[in-house]
Amino acid sequence: MRKTIISIGIICAIILVAIAAAFQSGDSEVIEEKSPIVIEADVIMPTKVSRPGCEETDSCYVPSIISVKEDQTVTWSNEDVAFHSVTSGIYGEPTALFDSGHLDPEQKFSYTFDEKGAFDYFCTLHPWMKGKVIVE
Ligand SMILES: [Cu+2]
């Protein structure tokens, strides 16, 4: 009789340990949270490009040259603390293709390229800031 009670006790203990293990493994599962929608920028205007110097390392727009496919949208993000623009053409000779106007810090600008070619762009406020989009 005593042996039977001890046996039942051991079996119960094993079951409890198994249940505890099952609960623990459940707790350790990674709960997937829905992340907010983030528009990723293709080209970044980094900090300090409002002063000359970035043109020496081709880093006024990063990357300064980007290749995309026809009908692809390019998004620029102003990550500087100063205003900048993304204006098609070259300084002093803008073209009518696109112009972001003055972009506030943290502001983004997007343009969809629907024809093939190489498109220069620049910043109307900082003549040394130059970039190019190649549409293939
Ligand atoms: Cu600028």
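The values are calculated or read from the model by the stated rules, or taken from the named source; none is laboratory data. It should be emphasised that the depicted structure is a prediction, and the values quoted were computed from it without experimental measurement. Here the Cβ positions follow ideal geometry from the backbone for every residue, glycine too, while neighbour counts run over all protein chains shown. Each accessible area value is taken on the protein alone, full model and side chains, heavy atoms only, with ligands, DNA and RNA left out. Shrake-Rupley method; radii C 1.70, N 1.55, O 1.52, S 1.80 Å.
Before moving on, here are some points about what is shown:
- Boolean, Glu136 is open to solvent by 70 Å² or more (accessible area, probe 1.4 Å) and touching a Lys or Arg at 6+ places or on another chain (Cβ under 9 Å): yes
- Residue check for Lys3: at pLDDT 95 or above and basic (Lys, Arg): no
- Within segment 42-54, residues that are more than 13 Å from Pro105 (Cβ to Cβ) and in a strand (DSSP E or B) have Cβ atoms under 6 Å from residues that are hydroxyl-bearing (Ser, Thr, Tyr) and near the ligand (Cβ under 10 Å from one of its atoms) in these pairs: Val43/Tyr61, counting only partners at least 6 apart in sequence or on another chain.
- Residue match in segment 103-111 (condition: within 15 Å of the ligand (Cβ to nearest atom), of a type in the set (Phe, Trp, Tyr) and open to solvent by less than 70 Å² (accessible area, probe 1.4 Å)): yes
- Test: residue in segment 89-98 that is surrounded by 19 or more Cβ atoms within 10 Å (Cβ to Cβ) and within 12 Å of the ligand (Cβ to nearest atom): no
- Pairs where the first residue, in segment 121-133, is farther than 15 Å from Asp58 by Cβ and the second is within 10 Å of the ligand (Cβ to nearest atom) and assigned to a strand (DSSP E or B), C-beta under 8 Å, 6+ apart: Thr124/Thr87; Leu125/His84
- Candidate set from segment 66-117 (those that are among the hydrophobic types (A, V, I, L, M, F, W, C), outside any strand (DSSP E or B) and touching a strand residue (DSSP E or B) at 6+ places or on another chain (Cβ under 7 Å)); member that is farthest from Thr47 (Cα to Cα): Val86
- Any hit, segment 119-136, residues being small (Gly, Ala, Ser) and more than 15 Å from the ligand (Cβ to nearest atom): no
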